[in-house]
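Asker: If you scroll down you'll find the structure; I have some questions about it.
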Amino acid sequence: MERPGAYGFSAALSGAFLVSCLLFAAINRRQRGPYMDEAFHVPQAQAYCQGRFLQWDPMITTLPGLYLASVGVVKPAAWLFGWTGSVVCSAGMLRFINLLFSAGNFYLLYLLLFKIHQKNKAVSGFQRILSTLTLAMFPTLYFFTFLYYTDPGSVFFTLFAYLMCLYGNHKTSALLGFCGFMFRQTNIVWTVFCAGNVVAEKLNEAWKTKLQKKKDEKIFSRKGSFSDLIRILQFLIEYLLSPKNLVTLTALTWPYIILVTVFFVFVFFNGGIVVGDRSSHEACLHFPQLFYFLSFTVFFSFPHLLTPTKIRKFILSLRKHPVQYSLITVISLFLIWKFTYVHKYLLADNRHYTFYVWRKVFQRHELVKYVLIPVYIFAGWSFADTLKSKSIFWILMYFVCLLAVTVPQKLLEFRYFILPFLIYRLNIPFPSLYKQLLELAFYIVVNAVTFYLFLNKTFQWPNSDEIQRFMW
């Protein structure tokens, strides 16, 4: 990092951390005790702080990575600063762990943007810092910086694993992937994603070599036609059926293979992926989750995905490929008809924004979920269009991981979309400075509204004295 860039990055990180500290103080003054899922996480972490590592709350569904990391930070700090009593593992102290993870995420996002887009010499240091600041303030993730949830730590270790993968440090990447898995079991998908990066790179090299031998560069340059997809799938099958290629790929990805094997052993002995309360976290084929994610992405990336140019290109694509889009529409209708699930939490908990999205949009009429199909198709097309700079094998690998991490979830929960969104956003081409500033301004407004509602628009449930707050 050059000196002016280093100064700019340090200023951005310091400024963001200072603002976060001020918000952190305001939230802890208003909400001193555990709130929502903190009612399970905080007592569990406090039990670990007291050395009771065999105590476990059966309502917790994730592995103890968050609590182990918290004890590993809080205990040495308490010894160093002479803290004693209840302050050592208080709710405020435990929440501060996520503030530290947030600062780490800021740094990792910058390094990932630098690594992924290092060949793009047109990107200035200021643009890189601006994009880092924007992604660090991504509203769904940023909100949980101030509560004791698994999300900031889960994102930290997953992004760190991705960064190490891009630099070729695969053993370190797999180890960090294990840490991410300990925060949330579904992060195993992003370990597969890291392995997929290696596989996609080798496939792309072999594909280019094959095209050069045939002297038919047109096949590779035209993305999207059905015949090209058939050729690619044929090549993919031929490549993966070769023992020599399989040995090469195994030698490159063995750390990830070991971790995935550990995951399957865990699932076998645990009787499922969920730890603790499984009744409310049953896996299912909830295909509309992909449509919800695409809509979520369009909403938070509208400066890049919802532009007049994109809309014109989409209309031209519709005119050019009416049969393909008709088929996609029919498939979407079937998937929504047969595979839409409504979790009991979605209907019952009016503290979450998803409750109001579902009630105000989807519950207005039975046909609404079908009427939204054109929106989903545009969102999917625009989403894929922004990734066209990536190789076809990378795109296929990412979409497989996206399906694996979204479709099995029965509950519509915006937190589940954080990692797939960030990885998508990191890999799209750098937008113009105007779009970057618009995106940052939008995130600031959304965050301001979210924190205002959380802090000031409290309410109470009937037959309960507890203060309730709105949140993601």
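Asker: Determine the pairs where a residue that is on the phi > 0 side of the Ramachandran plot, located within the range 258-284, has a partner that is outside any loop (DSSP other than H, G, I, E, B) and open to solvent by 80 Å² or more (accessible area, probe 1.4 Å) with Cβ atoms under 9 Å apart, the partner being 6 or more residues away or on another chain.
Answerer: As it stands, the answer is none, since no pair meets every condition given.
Asker: Next up: In the range 326-379, how many are of a type in the set (Ser, Thr, Tyr), without any contact (Cβ under 8 Å) to a residue 60 or more places away in the chain and surrounded by fewer than 17 Cβ atoms within 10 Å (Cβ to Cβ)?
Answerer: So the count comes out to 5.
Asker: When you scan the range 427-447, how many residues do you find that are among the charged types (D, E, K, R) and open to solvent by less than 40 Å² (accessible area, probe 1.4 Å)?
Answerer: 1
Asker: Could you list, in sequence order, the residues of the range 271-284 that are at pLDDT 90 or above and more than 11 Å from THR62 (Cα to Cα)?
Answerer: The one that is at pLDDT 90 or above and more than 11 Å from THR62 (Cα to Cα): CYS284.
Asker: Within the range 10-56, can you find the residues that are touching a Gly at 6+ places or on another chain (Cβ under 8 Å) and in a helix (DSSP H, G or I)?
Answerer: If the condition is that a residue be touching a Gly at 6+ places or on another chain (Cβ under 8 Å) and in a helix (DSSP H, G or I), then ASN28 is the only one that fits.
Asker: Something else about it: Do you know which of the residues in the range 81-137 that are farther than 18 Å from LEU438 by Cβ and β-branched (Val, Ile, Thr) is surrounded by the most Cβ atoms within 10 Å (Cβ to Cβ)?
Answerer: The residue in question is ILE97.
Asker: Anything in the range 86-111 that is aliphatic (A, V, I, L, M) and in a helix (DSSP H, G or I)? List them, or say none.
Answerer: Passing the criteria: VAL87, ALA91, MET93, LEU94, ILE97, LEU99, LEU100, ALA103, LEU108, LEU109, LEU111.
Asker: Could we say that VAL262 is open to solvent by 20 Å² or more (accessible area, probe 1.4 Å), part of a helix (DSSP H, G or I) and either out of contact with any Lys or Arg (no Cβ under 6 Å at 6 or more places or on another chain) or of a type outside the set (A, V, I, L, M, F, W, C) (or both) here?
Answerer: Yes: the conditions hold for VAL262.
Asker: For the range 231-259, give me each residue that is small (Gly, Ala, Ser) and open to solvent by 60 Å² or more (accessible area, probe 1.4 Å).
Answerer: Passing the criteria: only ALA251.
Asker: Okay, moving on. Quick check on the range 299-316. Is at least one of its residues within 29 Å of ILE428 (Cβ to Cβ), free of Cβ contacts under 8 Å to residues at least 24 places away in the same chain and either of a type in the set (Phe, Trp, Tyr) or buried (at least 17 other Cβ atoms within 10 Å of the Cβ) (or both)?
Answerer: yes
Asker: Could I ask something else about it? Across the range 60-96, what is the number of residues that are closer than 17 Å to CYS21 by Cα and either in contact with a Pro (Cβ under 8 Å, 6 or more places away or on another chain) or charged (D, E, K, R) (or both)?
Answerer: 2
Asker: I need the full set of residues from the range 48-76 which are touching a residue at least 12 places away in the same chain (Cβ under 8 Å) and among the small types (Gly, Ala, Ser), in order please.
Answerer: Of everything in the range 48-76, those that are touching a residue at least 12 places away in the same chain (Cβ under 8 Å) and among the small types (Gly, Ala, Ser) turn out to be GLY65, ALA69, SER70.
Asker: Of the numbered conditions (1) aliphatic (A, V, I, L, M); (2) out of contact with any helix residue (DSSP H, G or I) (no Cβ under 8 Å at 6 or more places or on another chain); (3) not in a helix (DSSP H, G or I), LEU327 fails exactly one; give the number of that condition.
Answerer: Result: LEU327 passes all but (3).
Asker: Would you point out which residue out of PHE143, PHE157 is crowded, with 24+ Cβ neighbours inside 10 Å and outside any loop (DSSP other than H, G, I, E, B)?
Answerer: PHE157
Asker: Further, regarding this structure: What about LYS388, is it charged (D, E, K, R), at pLDDT below 95, under 30 Å from VAL274 (Cα atoms) and out of contact with any helix residue (DSSP H, G or I) (no Cβ under 6 Å at 6 or more places or on another chain)?
Answerer: So LYS388 fails the test.
Asker: Would you confirm, using the coordinates I've provided, whether ASN105 is closer than 13 Å to VAL42 by Cα and at pLDDT 95 or above?
Answerer: For ASN105, the condition - closer than 13 Å to VAL42 by Cα and at pLDDT 95 or above - is not met.
The values are calculated or read from the model by the stated rules, or taken from the named source; none is laboratory data. Please read all numbers here as calculations on a predicted model, not as lab measurements. Neighbour counts are summed over all protein chains in view; Cβ atoms, including those assigned to glycine, are modelled from backbone coordinates with ideal geometry. To get the accessible areas, we keep the full protein, side chains included, count just its heavy atoms, and leave off ligands, DNA and RNA. Shrake-Rupley method; radii C 1.70, N 1.55, O 1.52, S 1.80 Å.
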